[in-house]
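In what follows, a single structure is set out as structure tokens and then discussed.
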Amino acid sequence: MAQRQFATAPGSYSTITLTAADGTSQTQLAAQTKKLLPTGFRAATRADLDSELASTDGGEKLTTILLGFAGVALFVSTFLVANTFTMLSAARAREHPLLRAVGATRKYVMRLVPAEAAIVGTVASVAGYVLGIGVATPLDRLFGVTGGPSAALQILSVTPVLAAFAAGVGVTVLSAYLPARRAAAVAPVAALRTSEPPTAASLRRRNIIGLAVTAFGALLIAGAVGSQNLLFAAVPVLLIGLIVLTPLLALGATGLLRSPLTRLAGIRGKLAVENARRNPRRTAATATTLMVGLAMVTAVTVVITSVNRRDEQRADSSMTSDLRVTAVDFAEIGDDTAARVARLADAEAVTPIIRTYFDLSDANSLSTTAVDPATVQRLAPVTVRKGSLDRLDHGIAVTGRTAAAHGWRLGSRVTGTLVDAGTKTSLPIVAIYDAPDDLTPVLISAKALPRTSGTEHRPRTAAILIKAAHGRTAVLRKEIQRTLDNPALLVQDRADARAAAAAKNAPFLNIMYALLSVTVLIGALGVVNTMGMAVFERVREIGVLRALGLDRRRVGSVLRLESVTISLLGSALGLVAGSAIGAAAVLGQEGVPLVVPWDRTLLFFLATTTIGVLASLWPGRQAARIPMLNAITTDTE
């Protein structure tokens, strides 16, 4: 059954797999097999096939993409780690100066925090390496099943172990460097204070740098419209500028939210906003983890949506027939399929679309499409400028642009070799025409193609276009499906063709979402981490609120509102930055319309709000469980 439906011809095969007998090597078996094969076929060993597959660019591109997203994830993780150690240093505001007071040097404190970070990074690297092995094993099996390179995993080889631990430990230690410097800079006399006064440094210098870098990044993004290579430099500059500028933006955004949140939630809304404004650097660091991930997601979505719109427009313009028959991936349309469809009563016009090449005598090659000259103009938007397609059985038709490029006119003879014909020929130009890209630059008659079935390089039927009798499109579609009785052949109407054109990028988009979801997850963990540390820092504050009449539910709602405020700030920055990056990438591509997917943008915004609510559930529960009397009497700030 499978051979009847999928084979290129009755009794034919695409590949034959041989297993060597004991005592016979792969090379010997390949040499013996080669003597039995006709011209055009070859015998390859498993080693040869693996080597060819490894030498292709596909594996390198996949590796580059995966490493790129791993780099983004590590970049986002630095903010999570740095924010964590910053909050830990704030919680130990008296511990570190007390160490200094009893004799510890600044260098000792500087080494203490990175050492703690190294321990955390080592534990995380071990856990991450084990999880990575767990993911790599099924992926390797999947590649083997789908024909990709499957090989024994080098679980404990030196390179992956060093890379994993260098990334895990290195990023963690580097992220803790600035918090360590701040901790070491606290004077020993601070240990004698009963409370720690606010000593936040001015944001003026940071704001100036942030404005300058962001403006420069915006200029690079604008310049990237004309030079796509510039986009790779513009994206990190813009994101770094926004990261530096986020504390200022956090103050502005929370200032705007103060009034509406106060109206909606009363004193709880005002407390939430003021808590977010209390430490704009921390709020910015938390929002940044969400911003980077969401910016990448939005940029990819804008690009894919715009490309889908272009493909839909091309499908609308190219498919003027009522129905089209195409084959699924790795399947082929039989040579007699068009004739079988043409014999159906409701089929008014049918033409095959066969792809081949015409090699010119000057070593150039022209993409050539073979059609039925009697019906192609009824099925596709082909406009003949000069001549006629009636004589296409004995000549060729070329587009006006191709004729101008080669200095051809109507009646000029084109000398070359039609691929698969094998002999040089000289054909007159019988028509000059205009048509969609998939029918350019050369048309020939399908009758002119050689009948060399069963060879590797024979012409392939890409599609069959069909015009149905008036009002009989749906009926004809069922008749074709019943006549062909082949699940590998798809019978599409215009709506199906449009949907198929838009759906071909869906797998790539899903892969991008799967990879980028890691960065969004890290951002969500950053919000959870910040709110959890905030509960630890505000034990006395929470106790006072409880004593003033705020019950457990309302204390939790304050934290939820603060979490949502931070999440919305990261969401807004991510959506704006991602839309700008995606727009620059699209506008630099000729023929691709810019489409901003507002529905998905709204979905991202709502999802980020949900992340804020979910991230506050555990910290809110912890805050509500703090005994009120213990909270009031604690020394924790």
When region 605-620 is checked residue by residue, the ones that are closer than 12 Å to residue 286 by Cβ and open to solvent by 10 Å² or more (accessible area, probe 1.4 Å) are 611
Given the criteria assigned to a helix (DSSP H, G or I) and more than 23 Å from the chain's Cα centre (by Cα), does residue 244 qualify? yes
When every residue in region 87-98 that is part of a helix (DSSP H, G or I) and open to solvent by less than 50 Å² (accessible area, probe 1.4 Å) is compared, the one modelled with the lowest pLDDT is 91
By my count, strands (runs of 3 or more DSSP E) wholly in region 340-430 with at least 3 residues that are in contact with a Phe, Trp or Tyr (Cβ under 9 Å, 6 or more places away or on another chain) and open to solvent by less than 10 Å² (accessible area, probe 1.4 Å) are 396-399
Filter pass, residue 579 being open to solvent by less than 50 Å² (accessible area, probe 1.4 Å), more than 19 Å from residue 276 (Cβ to Cβ), in a helix (DSSP H, G or I) and touching a residue at least 12 places away in the same chain (Cβ under 8 Å): yes
By residue number, the members of region 582-629 that are in a loop (DSSP other than H, G, I, E, B) and either in contact with a strand residue (DSSP E or B) (Cβ under 8 Å, 6 or more places away or on another chain) or more than 30 Å from residue 215 (Cβ to Cβ) (or both) are 591, 616, 625, 626, 627
Flagged pairs (Cβ under 8 angstrom, 6 or more apart or on separate chains; first in region 198-210, at pLDDT 90 or above and loosely packed, with under 10 Cβ neighbours inside 10 Å; second assigned to a helix (DSSP H, G or I) and of a type in the set (Lys, Arg)) are none
Say whether the condition of being at pLDDT below 80, surrounded by fewer than 13 Cβ atoms within 10 Å (Cβ to Cβ) and touching a Gly at 6+ places or on another chain (Cβ under 6 Å) is met by at least one residue in region 454-469. yes
Exercise. May I ask you to verify whether residue 268 is open to solvent by 10 Å² or more (accessible area, probe 1.4 Å), within 19 Å of residue 567 (Cβ to Cβ) and of a type in the set (Lys, Arg)?
Key: yes
Would you mind stating whether residue 409 is more than 27 Å from residue 467 (Cβ to Cβ), under 40 Å from the mean Cα position of the chain (by Cα) and at pLDDT 90 or above? no
Those residues of region 119-150 which are open to solvent by 70 Å² or more (accessible area, probe 1.4 Å) and either modelled with pLDDT under 60 or charged (D, E, K, R) (or both) amount to 141, 142, 143, 145, 146, 149
Of the candidates 285, 253, 295, the one satisfying the condition of being at pLDDT below 85 and crowded, with 21+ Cβ neighbours inside 10 Å is 285
Picked from region 204-241 (must be under 22 Å from the mean Cα position of the chain (by Cα) and not in a helix (DSSP H, G or I)), the residue nearest to residue 588 (Cα to Cα) is 225
Exactly one of 19, 8, 15, 39 is at pLDDT 80 or above and of a type in the set (Ser, Thr, Tyr), and that one is 19
Scanning region 522-531 residue by residue, those under 12 Å from residue 88 (Cα atoms) and either open to solvent by 20 Å² or more (accessible area, probe 1.4 Å) or in contact with a Phe, Trp or Tyr (Cβ under 6 Å, 6 or more places away or on another chain) (or both) turn out to be 529
Residue 530 fails exactly one of (1) closer than 24 Å to residue 252 by Cα; (2) at pLDDT 80 or above; (3) under 31 Å from the mean Cα position of the chain (by Cα); (4) not hydrophobic (A, V, I, L, M, F, W, C), namely (2)
Within region 287-320, residues under 18 Å from residue 507 (Cβ atoms) and hydroxyl-bearing (Ser, Thr, Tyr) come out as 301, 305, 306
- Message: Would you confirm whether or not region 552-573 contains a residue that is open to solvent by 20 Å² or more (accessible area, probe 1.4 Å), over 18 Å from the mean Cα position of the chain (by Cα), without any contact (Cβ under 8 Å) to a residue 40 or more places away in the chain and farther than 15 Å from residue 268 by Cβ?
- Response: no
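The values are calculated or read from the model by the stated rules, or taken from the named source; none is laboratory data. Keep in mind that this is a model prediction, so the values were computed, not measured. Methodologically, a virtual Cβ is constructed for each residue, glycine included, from the backbone with ideal geometry; neighbour enumeration extends over all protein chains shown. Quick note on the areas: whole protein, heavy atoms, side chains included, nothing else; ligands and nucleic acids left out. Shrake-Rupley method; radii C 1.70, N 1.55, O 1.52, S 1.80 Å.
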